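Q: Sharing a structure here in structure tokens format.
The values are calculated or read from the model by the stated rules, or taken from the named source; none is laboratory data. Not measured: the values here are computed from a predicted model. So basically every Cβ, Gly included, is an ideal-geometry build from the backbone, and we count neighbours across all protein chains shown. These accessible areas exclude ligands, DNA and RNA; they are computed on the full protein's heavy atoms, side chains included. Shrake-Rupley method; radii C 1.70, N 1.55, O 1.52, S 1.80 Å.
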Amino acid sequence: MLHTIPVDALGPQGEAMAKAVETCVHCGFCLASCPTYRVLGEEMDSPRGRIFLMKEALEGRIETSEALPFIDRCLGCMACVTACPSGVEYGHLLTPFRARAEEARRRPPLNQAVRTLIQETLPYPQRFRLAVQSGRLGRWMRPLLPAPIGAMLDLLPERLPEAPPLPEVYPAQGKRRARVALLAGCVQRVLAPQINWATLRVLARNGVETIVPRGQGCCGSLSLHIGEAAHARALARRNFQAFPADVDAIITNAAGCGSGMQEYGLLFAGEPDADLAETFGNRVRDVSVFLDELGVETPPPLPQPLTAAYHDACHLAHAQRVTAPPRRLLSQIANLRLVEIPEGELCCGSAGTYNLEQPELARAIGERKARNILSTAAEAVITGNIGCIAQIKTHLELLGKPLPLWHTVQALDWAYRGQPLGSDGSV
């Protein structure tokens, strides 16, 4: 598709944005993989429709405000990237477009208040913990609250698990094979701290020493996802200083974090520290990828046979192109049988903060995912992202059919320790 996009006027990200537009041939292969198109059936709520709208807005043929309702409804799940035969890098267009639009946007007061609440609480574990505790006390007001606030309350857990603080260094067992640094995360550190502890134990079991940098903070992915690029860069710069250079990899165990950090090159294009950002992002590995490449000790069999559905987190499967490594790791656990989920390529509706900003669509998408999981007759669900765990758990419970949900490293950890899966009371 020919374009007259003013590349130079778009700054250092302009070339990548224009290339994404040029590459799209409007073939329609993306339609079946797009959750919003599957629910709404509207062309402008499909990837190719949104590409057309963004192109028209960038060329000045329509006002940006005309495109925004459709852009806002995009999950950013990148399933269209996996499905696209032409290799359109949809994220290279969507993320900068959202950031440019946000700079000039005037949102309604309630909408802005919700976004401010998200931006000022979720990236900060202590604030987020207080917000969760306060929100649970306010549940009795649920029928009186606006939909976005009510959606937040619906996702709150009944209790917050307790766990000791993470050590600054967790030594390898036996001969050291590698040395890594772990991103501890934000929301996950509050909702499921067991995932980080399981990560440390599994890495140690396989000869990996793990550093947990004390000065680290949020990676900026949540802010990046909602178009707050300046805030995302500020958060990322803190981690540039906190993480050591003398490690073999920077490990993430949340798909959204890993995806966002690997996009630092695009986020910092044209910035003075662009090279540092690119280098940092290139060092990031999901824990499943790192362990798969390293090679792991075979765990002992589970005490009892178990059938689990493996859910592909979008920012692992589509944004990072990682699907085989977690399955290979889990397949080494004897007595664990993995089953695939129908429409497994479709998002669960979490997508960073999507289930907070688009609660109705996220609810429809989440229910579809929950029903597909239940159709497998699995006894549990395993995935690689805390947002997916929270979203799927909510919608299974709404259907009255809750199932245990675990992270990939939790399953490995329990197997190594010879315990029944879920024996530490995790969600």
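Q: Please give the number of the condition Met261 fails out of (1) in contact with a Cys (Cβ under 7 Å, 6 or more places away or on another chain); (2) open to solvent by 20 Å² or more (accessible area, probe 1.4 Å); (3) not acidic (Asp, Glu).
A: If we test Met261 against (1) in contact with a Cys (Cβ under 7 Å, 6 or more places away or on another chain); (2) open to solvent by 20 Å² or more (accessible area, probe 1.4 Å); (3) not acidic (Asp, Glu), just (2) comes out false.
Q: Is there a residue in segment 318-333 that is among the hydrophobic types (A, V, I, L, M, F, W, C), in contact with a Pro (Cβ under 7 Å, 6 or more places away or on another chain) and touching a residue at least 40 places away in the same chain (Cβ under 8 Å)? Please lay out each step first, then the result.
A: Here is the first cut: in segment 318-333, the residues among the hydrophobic types (A, V, I, L, M, F, W, C) are 319, 322, 324, 329-330, 333.
Of the ones still in play, those that are also in contact with a Pro (Cβ under 7 Å, 6 or more places away or on another chain) are 333.
Imposing the further condition that a residue be touching a residue at least 40 places away in the same chain (Cβ under 8 Å) reduces the set to 333.
Taking every residue of segment 318-333 in turn, at least one turns out to be among the hydrophobic types (A, V, I, L, M, F, W, C), in contact with a Pro (Cβ under 7 Å, 6 or more places away or on another chain) and touching a residue at least 40 places away in the same chain (Cβ under 8 Å).
Q: Against the definition (at pLDDT below 95, out of contact with any Cys (no Cβ under 6 Å at 6 or more places or on another chain) and on the phi < 0 side of the Ramachandran plot), how does Val409 come out, yes or no?
A: On the way: at pLDDT below 95: no; out of contact with any Cys (no Cβ under 6 Å at 6 or more places or on another chain): yes; on the phi < 0 side of the Ramachandran plot: yes.
Judged against the criteria, Val409 is not a match.
Q: Read through the list (1) open to solvent by 20 Å² or more (accessible area, probe 1.4 Å); (2) within 21 Å of Gly76 (Cβ to Cβ); (3) of a type outside the set (Phe, Trp, Tyr), then give the number of the only condition that Lys369 fails.
A: Of the numbered conditions (1) open to solvent by 20 Å² or more (accessible area, probe 1.4 Å); (2) within 21 Å of Gly76 (Cβ to Cβ); (3) of a type outside the set (Phe, Trp, Tyr), the odd one out for Lys369 is (1).
Q: Next up: Within segment 323-331, does at least one residue satisfy the condition of being among the basic types (Lys, Arg) and more than 27 Å from Gln391 (Cα to Cα)? Steps first, please.
A: The initial filter retains those residues of segment 323-331 that are among the basic types (Lys, Arg), namely 327-328.
Still in the list and also more than 27 Å from Gln391 (Cα to Cα): none.
No; the residues of segment 323-331 include none that is among the basic types (Lys, Arg) and more than 27 Å from Gln391 (Cα to Cα).
Q: Might you let me know whether segment 209-216 holds any residue that is within 27 Å of Ala274 (Cα to Cα), charged (D, E, K, R) and in a strand (DSSP E or B)?
A: The answer is no; no qualifying residue exists.
A quick yes/no check of all residues on (1) touching a Phe, Trp or Tyr at 6+ places or on another chain (Cβ under 6 Å); (2) small (Gly, Ala, Ser); (3) touching a residue at least 60 places away in the same chain (Cβ under 8 Å); (4) not in a helix (DSSP H, G or I):
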{"site": "Ser350", "(1), (2), (3), (4)": "no, yes, no, yes"}
{"site": "Leu361", "(1), (2), (3), (4)": "no, no, yes, no"}
{"site": "Ala370", "(1), (2), (3), (4)": "no, yes, no, no"}
{"site": "Thr376", "(1), (2), (3), (4)": "no, no, yes, yes"}
{"site": "Val381", "(1), (2), (3), (4)": "no, no, yes, yes"}
{"site": "Lys401", "(1), (2), (3), (4)": "no, no, no, yes"}
{"site": "Ala415", "(1), (2), (3), (4)": "no, yes, yes, no"}
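Let's see how each residue does on (1) in contact with a helix residue (DSSP H, G or I) (Cβ under 8 Å, 6 or more places away or on another chain); (2) in contact (Cβ under 8 Å) with a residue 40 or more places away in the chain; (3) surrounded by fewer than 21 Cβ atoms within 10 Å (Cβ to Cβ):
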position	(1), (2), (3)
Ile373	yes, yes, no
Gly384	yes, yes, no
Leu398	yes, no, yes
Pro420	yes, yes, yes
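Q: I've got another one for you. All but one of (1) surrounded by 12 or more Cβ atoms within 10 Å (Cβ to Cβ); (2) closer than 25 Å to Val187 by Cβ hold for Phe97; which doesn't?
A: With (1) surrounded by 12 or more Cβ atoms within 10 Å (Cβ to Cβ); (2) closer than 25 Å to Val187 by Cβ applied to Phe97, the lone miss is (2).
Q: Pick from segment 9-56 the residues that are closer than 15 Å to Met78 by Cβ and among the charged types (D, E, K, R): which of them is most open to solvent (accessible area, probe 1.4 Å)?
A: Arg48
Q: Take the residues in segment 275-296 that are assigned to a helix (DSSP H, G or I) and in contact (Cβ under 8 Å) with a residue 40 or more places away in the chain, then tell me which one is most open to solvent (accessible area, probe 1.4 Å). Break it down stepwise before answering.
A: First pass over segment 275-296, keeping only residues assigned to a helix (DSSP H, G or I): 275-282, 287-294.
After this cut, where a residue has to be in contact (Cβ under 8 Å) with a residue 40 or more places away in the chain as well, the list is 277, 280, 287-288, 290-291, 294.
Working: Ala277: 0, Phe280: 7, Val287: 2, Ser288: 6, Phe290: 21, Leu291: 1, Leu294: 46 Å².
Restricting to residues being assigned to a helix (DSSP H, G or I) and in contact (Cβ under 8 Å) with a residue 40 or more places away in the chain, the top hit is Leu294.
Q: Which residues, taken from segment 217-241, are open to solvent by 40 Å² or more (accessible area, probe 1.4 Å) and either part of a loop (DSSP other than H, G, I, E, B) or touching a Cys at 6+ places or on another chain (Cβ under 7 Å) (or both)?
A: Of everything in segment 217-241, just one residue is open to solvent by 40 Å² or more (accessible area, probe 1.4 Å) and either part of a loop (DSSP other than H, G, I, E, B) or touching a Cys at 6+ places or on another chain (Cβ under 7 Å) (or both), namely Glu228.
Q: Still on this structure, please answer the following. When you scan segment 56-77, how many residues do you find that are of a type in the set (A, V, I, L, M, F, W, C) and more than 27 Å from the chain's Cα centre (by Cα)? Give the steps one after another, and end with the answer.
A: First pass over segment 56-77, keeping only residues of a type in the set (A, V, I, L, M, F, W, C): 57-58, 62, 67-68, 70-71, 74-75, 77.
Next, from what is left, pick out any that are more than 27 Å from the chain's Cα centre (by Cα): 57-58, 62.
Here the count works out to 3.
Q: Continuing with the same structure: Filter segment 148-178 down to residues that are among the acidic types (Asp, Glu) and part of a loop (DSSP other than H, G, I, E, B) and give me whichever is modelled with the highest pLDDT. Explain how you work it out, then say what you get.
A: First, the residues of segment 148-178 that are among the acidic types (Asp, Glu): 154, 158, 162, 168.
Now narrow it down to the ones that are part of a loop (DSSP other than H, G, I, E, B): 158, 162, 168.
Values: Glu158: 78, Glu162: 86, Glu168: 97.
Selected residue: Glu168.
Q: A follow-up question, please. Specify the residue that is most open to solvent (accessible area, probe 1.4 Å); the eligible residues are those in segment 311-338 that are closer than 22 Å to Gly418 by Cβ and not in a loop (DSSP other than H, G, I, E, B).
A: Here is the first cut: in segment 311-338, the ones closer than 22 Å to Gly418 by Cβ are 326, 328-338.
Keeping just the survivors that are not in a loop (DSSP other than H, G, I, E, B) gives 326, 328-331, 336-338.
Numbers: Pro326: 1, Arg328: 117, Leu329: 2, Leu330: 1, Ser331: 83, Leu336: 21, Arg337: 133, Leu338: 50 Å².
Among them, the one singled out is Arg337.
Q: Within segment 319-327, does at least one residue satisfy the condition of being touching a Phe, Trp or Tyr at 6+ places or on another chain (Cβ under 7 Å), closer than 18 Å to Asp286 by Cβ and among the charged types (D, E, K, R)?
A: Yes.
Q: For residues that are more than 20 Å from Thr353 (Cβ to Cβ), free of Cβ contacts under 8 Å to residues at least 60 places away in the same chain, touching a Leu at 6+ places or on another chain (Cβ under 9 Å) and surrounded by fewer than 16 Cβ atoms within 10 Å (Cβ to Cβ), tally how many sit in segment 140-190.
A: To start, the set of residues in segment 140-190 that are more than 20 Å from Thr353 (Cβ to Cβ) comprises 140-141, 143-144, 158-159, 161-182.
Those still in the list that are free of Cβ contacts under 8 Å to residues at least 60 places away in the same chain too: 140-141, 143-144, 158-159, 162-176.
So of that shortlist, the ones also touching a Leu at 6+ places or on another chain (Cβ under 9 Å) come out as 141, 166-167, 170, 172.
Narrowing further to those that are surrounded by fewer than 16 Cβ atoms within 10 Å (Cβ to Cβ): 141, 167.
Qualifying residue count, segment 140-190: 2.
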